[in-house]
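To start, the structure itself, in structure tokens.
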Amino acid sequence: MLLPVLAKALNTSLDYLFGLKDKEEEVDIEQLITDEIHKTKPEKRAELMMRMFYSAECAYNDYVVKKMTLPEALDLETYAELKTNNELAIARLNKDLQYFCFLSIPENGVNSYADASPNMVRFFRMLADEEALRIIYYMGSGVRNRMHSKKIISQRLNIPLDHVSKIMDRLDRFGLVWRVSAEISDDPPILYGYTYSSPLTMILTLAKSLTNYIQFCEPFIDKWNTGAFRTPDKKTETPIPQVKFWENDE
């Protein structure tokens, strides 16, 4: 009766202990994750995902052998942060709003994708408008397929109608809202629906964390010597000379 306990302790199977298998089959980690999520209740899956991401990020610490458990009670706003030449990751651990963001850095850097194009500049200029943020938060707080008119937005948020119109046009160009024409009068009004953009939600959430000035990280894993933004000529990647250790006669 001790054999099952022994097999579990050794992380192996009874077939392997009895010599029925020459070697253990390779663990299918993707299938294990799929099975675990499928058997988890939908309302508990977010908690499971955070625990998995946190354990994976902690594993980048070379001294970590056993799994790390997601902290339960945090008095301070706390993050888990990972920085290497190949990955960037940030997770907020507090229960009031938990998130995890992971970025795989390509060999030629993220700047090959995230460039300073005119549309990037237009996008951040739009987000720098306080009233644009208020409209985004207002529309994003509604139920699915709820339609909005410029006039009602102007009245509800006390924003001049002409400015609402400019903001809605910008949101439309970025695909953050969709418009329809309502045939309910001789002058059919234009109504707008919010797309509930996941990237925009994450950008605003990460921006809020950044403005809070991230101070407390657990874990904080810092293994990078080449930044995520890399220039083609490699001039900025020359190693910086370091001070040598003490010589014996110093």
Practice item. For region 103-114, name all the residues that are farther than 19 Å from Leu206 by Cβ, open to solvent by 70 Å² or more (accessible area, probe 1.4 Å) and outside any helix (DSSP H, G or I). Key: Glu107, Asn108
**Study point:** Condition broken by Leu82, with the remaining ones in (1) part of a helix (DSSP H, G or I); (2) under 19 Å from Gly227 (Cα atoms); (3) of a type in the set (A, V, I, L, M, F, W, C) satisfied
**Key:** (1)
**Study point:** Qualifying residue in region 231-249 (condition: part of a loop (DSSP other than H, G, I, E, B), closer than 27 Å to Met120 by Cα and of a type in the set (Ser, Thr, Tyr))
**Key:** yes
Study note, to complete from the structure: Listed by range, helices (runs of 4 or more DSSP H) wholly within region 127-191 having at least 2 residues that are touching a residue at least 12 places away in the same chain (Cβ under 8 Å) and in contact with a Phe, Trp or Tyr (Cβ under 6 Å, 6 or more places away or on another chain) are 130-140
Review point. Got at least one residue in region 225-234 being modelled with pLDDT of 90 or more and among the hydrophobic types (A, V, I, L, M, F, W, C)?
Key: no
Check your understanding: Which one of these is open to solvent by 100 Å² or more (accessible area, probe 1.4 Å), closer than 29 Å to Tyr63 by Cβ and charged (D, E, K, R): Lys244, Lys166, Lys208?
Key -> Lys244
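The values are calculated or read from the model by the stated rules, or taken from the named source; none is laboratory data. As the structure is a prediction and not an experimental result, all values here were calculated from the model. As a convention, Cβ positions derive from the backbone with ideal geometry for all residues, glycine included, and neighbour counts pool all protein chains shown. Heads up: the accessible areas ignore ligands, DNA and RNA and are worked out on the full protein's heavy atoms, side chains in. Shrake-Rupley method; radii C 1.70, N 1.55, O 1.52, S 1.80 Å.
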